[in-house]
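Undergrad: Here you go, one structure.
The values are calculated or read from the model by the stated rules, or taken from the named source; none is laboratory data. Bear in mind the structure is a predicted one, so any value in this text is a computation, not a measurement. Positions of Cβ are backbone-derived with ideal geometry, glycine not excepted, and every protein chain shown enters the neighbour counts. Only protein heavy atoms, including side chains, enter the accessible area calculation; ligands, DNA and RNA are left aside. Shrake-Rupley method; radii C 1.70, N 1.55, O 1.52, S 1.80 Å.
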Amino acid sequence: MSIICGVPLLECVYCLACARWAWKRCLHTAGHDSETWGLATAEEFEPVPRLCRYILAVYEEDLRHPLFEPPGGYGINPDWLILRKTYENTQGHAPPYILYLDHDHADIVLAIRGLNLAKESDYQVLLDNKLGKKKVDGGYVHNGLLKAAGWVLEAECDILKELVEKHPNYTLTFAGHSLGSGVAAMLALVVVQHHDKLGNIDRRRIRCYAIAPARCMSLNLAVRYADVINSVVLQDDFLPRTATPLEDIFKSVFCLPCLLCMRCMRDTCIPEEKMLRDPRRLYAPGRLYHIVERKPFRLGRFPPVVRTAVPVDGRFEHIVLSCNATSDHAIIWIEREARRAMDWYRWIKAMIKKK
């Protein structure tokens, strides 16, 4: 067509689409995603830094002689560690995880590590999905993450049931980062649905903290399980904002320009309202907590502000063009900023008491 008309029409349309996409992204900052949300309380956000440290502990081979401890340590008593599963134990069905009996906080914690870029099995879990492939409880979920969660529950069902019945006043918490966050969210969903497998455990005892969450469930499920599942996002983190299916991202890793071209054209030609109305579209699960500690056109970091909501009109729908989009996904940075947020809460509380 371009040759016949003597004008590069296709090239012009593509350039205009890319320019429109880039302009919209440049105007969008992370603060816009949660500017109308309320502030989280210290009590509801308190478990986050602690659970981040538990997830970091999964990377250690020997917790009695740790090599990568964060400031202040992991906060784990090695004698209370029930089990630790590696890739050899899971045989690629799920990421490594630990089961920890936290007597200090009356909590049974199953913590799951994030994506290992060197493990093909982790990519297979992510790639095992297509839009609308798996329907559960009237909504849609990520098929590969659901299968991984099912494998973990099947493997640890007996020990979890024993712990839940032995400690009736303890909560059962699933926590994970990145890939592990999706598995943890699916675990919480499955346990709530099949609570009889764990001795008819009360829904109020089940919790999930998805750190830097993958988009793993449809909007109706994300809202319905907001009393159980909590998602924590640090500022510009790219993963919760990646609406493009995860399997398409990794399939296109060797043709990133092709992926960007398709994304620009889609965002230009398809109205956003139409995309958000698709019931098969996946979102970050549950109640959202957004840690904001940088401001547009300002240098440095500010005291973290934690905003929270259970939004129904979009959940981190736009990728932020930021040099921190990948670093904000790192569990080390999330733990650090969550800890700073709790320190800020304590400082404010102390100032109020003095007055």
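Undergrad: What pairs come up if the first residue lies in region 33-47 and is part of a helix (DSSP H, G or I), the second is among the hydroxyl-bearing types (Ser, Thr, Tyr), and their beta carbons are under 7 Å apart, counting only those six or more places apart or on different chains?
TA: 42/345; 45/289; 47/209
Undergrad: Answer yes if at least one residue in region 75-92 is in contact (Cβ under 8 Å) with a residue 40 or more places away in the chain, part of a helix (DSSP H, G or I) and not basic (Lys, Arg), and no otherwise.
TA: Yes: region 75-92 contains one or more residues that are in contact (Cβ under 8 Å) with a residue 40 or more places away in the chain, part of a helix (DSSP H, G or I) and not basic (Lys, Arg).
Undergrad: Would you check which residues across region 154-198 are of a type in the set (Ser, Thr, Tyr) and either open to solvent by 20 Å² or more (accessible area, probe 1.4 Å) or on the phi > 0 side of the Ramachandran plot (or both) and list them?
TA: 170, 171, 178
Undergrad: Let me ask something else. Within region 48-70, which residues are in a loop (DSSP other than H, G, I, E, B) and either buried (at least 16 other Cβ atoms within 10 Å of the Cβ) or touching a residue at least 24 places away in the same chain (Cβ under 8 Å) (or both)?
TA: 58, 59, 60, 63, 66, 70 - these are the residues of region 48-70 that are in a loop (DSSP other than H, G, I, E, B) and either buried (at least 16 other Cβ atoms within 10 Å of the Cβ) or touching a residue at least 24 places away in the same chain (Cβ under 8 Å) (or both).
Undergrad: Sticking with this structure for a sec: When region 122-172 is examined, which residues are found to be polar (S, T, N, Q) and without any contact (Cβ under 8 Å) to a residue 24 or more places away in the chain?
TA: Selection gives 143 alone.
Undergrad: What pairs come out if I take residues in region 220-237 that are under 15 Å from residue 314 (Cα atoms) and pair them with residues that are charged (D, E, K, R) and open to solvent by less than 10 Å² (accessible area, probe 1.4 Å) whose C-beta lies under 9 Å away, six or more apart or interchain?
TA: 222/315; 231/315; 233/241; 233/328
Undergrad: Here's a follow-up. Which residue, of 143, 230, 129, is in contact with a strand residue (DSSP E or B) (Cβ under 8 Å, 6 or more places away or on another chain), open to solvent by less than 40 Å² (accessible area, probe 1.4 Å) and more than 25 Å from residue 48 (Cα to Cα)?
TA: So the residue among 143, 230, 129 that is in contact with a strand residue (DSSP E or B) (Cβ under 8 Å, 6 or more places away or on another chain), open to solvent by less than 40 Å² (accessible area, probe 1.4 Å) and more than 25 Å from residue 48 (Cα to Cα) is 143.
Undergrad: While we're on this one: Applying the selection to region 86-111, what residues are closer than 25 Å to residue 281 by Cα and either aliphatic (A, V, I, L, M) or open to solvent by 60 Å² or more (accessible area, probe 1.4 Å) (or both)?
TA: Across region 86-111, the qualifying residues are 93, 94.
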